[in-house]
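Before any comments, here is the structure.
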Amino acid sequence: ESWKEAFSGTGPPHRFYPHHVDFASKPELASAARPRVLGEEAWGRADSSWPLIYVSAHGYGVARAADAPPNYYWQRFAQKSTNAAKLPSLGPRGPALRGFDTTRHLERLLEQSGVAVLRSTRVASVLRSTGGVAITTAAGGAPLAFDKLVVATDLKAARSFLDTSAEEADLFSRVRHLNYHTLASHIEIPWVKPASVYYLGGHQGERDAVDAGAATGGCPTILFRPYAASNLTITWAYGGASLAPGTMEACLRRTVSSLGGRFGGVLLQQEWPDYFPHLASSDLASQVPRRLDALQGRKRTYYVGEIFNLPLVSECVDWARYL
């Protein structure tokens, strides 16, 4: 596909949605992500080339880890966020960002539409029937009645409240995740500029391992200092059951020292156990994305979220608009 067709504002709305991809005729996309598949000749050394480090740093897996996602996701992320940057007129600000605005804009639209938003309200159960949708909250009381349901949560998590059929339960259970962490620390590195993002390739995929956390040793993949007036620094790292407590902080300390900086300790560490929802190679090959798409509209239910396009805010907005 031409870049203009794929990324310009006038491109076809479906573009690269996985349910439109025939993985049976493109087995290389369904295969596990490996550097050789991503184009070593064009992108340089497989263990240090920019697109590989960029994609991996954002939590999309490590090529030499056993839990590496299928190549399709790596290709799409690199295509959307890296290669597109080489074309300033199309770039990351192009295609799927059209129509994207702030949370305040969404709140204004909801208010103008008269839509009631229930905040801090946990859904206990959802029952769907030919007559409508009944939602019961954890607060109890009479069920709330609706005409249709839009599920915007992780599909695997939705099984805890949704009256799933056997087919839905099977499909939702196939969703996989990677364990990712955000760390907020006091770090002083003289040459680090505020509001700049630094991608750290030194620890990304140096060895074969059971998962991304073990392959990277829990070391930082991205470093970001948001404010000029503070040395508060945000870093990201892969986690996993194989990492001992304190591993991430220890490697972060060593990394800061190697960069000529001073480490002041971790203030906050947030785990994201359900980061990057994706499907296994075998599920892509058997066209599970098409089976998921076939659920749209059944039982008065529609589904949005990362699994249907790509784990980027702009792509989630784009999918919702398309749907």
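The values are calculated or read from the model by the stated rules, or taken from the named source; none is laboratory data. As the structure is a prediction and not an experimental result, all values here were calculated from the model. Note: ideal-geometry Cβ built from the backbone for every residue, glycine included; neighbour counts use all protein chains shown. Accessible surface is based on the protein model in full, side chains and every heavy atom, while ligands, DNA and RNA are left aside. Shrake-Rupley method; radii C 1.70, N 1.55, O 1.52, S 1.80 Å.
How many nm separate the modelled label positions at residue 124 and residue 26, each set 7 Å beyond the Cα in the direction of the Cβ?
Each label point is offset 7 Å from its Cα along the Cβ direction, giving 4.6 nm.
Express in Å², to the nearest 10, the accessible area of residue 312 obtained by rolling a 1.4 Å probe over the protein heavy atoms while all chains stay in place.
Here the accessible area works out near 40 Å².
Leaving out ligands, DNA and RNA, what percent of the accessible area of segment 185-227 is carbon and sulfur, probe 1.4 Å?
Carbon and sulfur atoms account for 58 percent of the accessible area of segment 185-227.
Given the pairs 26/148; 26/156; 156/193, which span a C-alpha to C-alpha distance of over 32 angstrom in this model?
26/148; 156/193
Using a 1.4 Å probe, what is the accessible area per residue for segment 192-323, in Å²?
Spelled out: the 1.4 Å probe surface of segment 192-323, per residue, equals 46 Å².
Can you work out the FRET efficiency for the pair residue 142 and residue 165, with r the C-beta to C-beta distance and R0 = 22 Å, to the nearest 0.05? List each step's numbers first, then the result.
On the way: r = 25 Å, r/R0 = 1.15.
My answer for the efficiency is 0.30.
I want to check the label-to-label distance for residue 294 and residue 229. Put each point 7 Å from Cα in the C-beta direction and report it in nm to one decimal.
Inter-label distance under the simple model: 5.8 nm.
Please report, in debye to the nearest 20, how large the charge dipole of segment 254-299 is about its Cα centre when each Lys and Arg carries +1 at its beta carbon and each Asp and Glu carries -1 there.
Result for segment 254-299 is approximately 80 debye, rounded to the nearest 20.
In whole Å, what are the extents of segment 171-234 along the principal axes defined by its C-alpha atoms, from largest to smallest?
47, 29, 16
How large is the charge dipole for segment 163-243, taken about the Cα centre, if only the Cβ atoms of Lys, Arg (+1) and Asp, Glu (-1) carry charge, to the nearest 20 debye? Write down the numbers at each step before the final one.
Details: 5 positive and 8 negative charges, 107 e Å.
Using Cβ point charges on Lys, Arg, Asp and Glu, segment 163-243 gives about 520 debye.
If you count only protein heavy atoms and use a 1.4 Å probe, how large is the accessible surface of residue 22, to the nearest 10 Å²?
60 Å²
For 322, 199, write out the residues from largest to smallest accessible area, computed with a 1.4 angstrom probe and no ligands counted.
Per-residue accessible area, sorted high to low, gives 322, 199.
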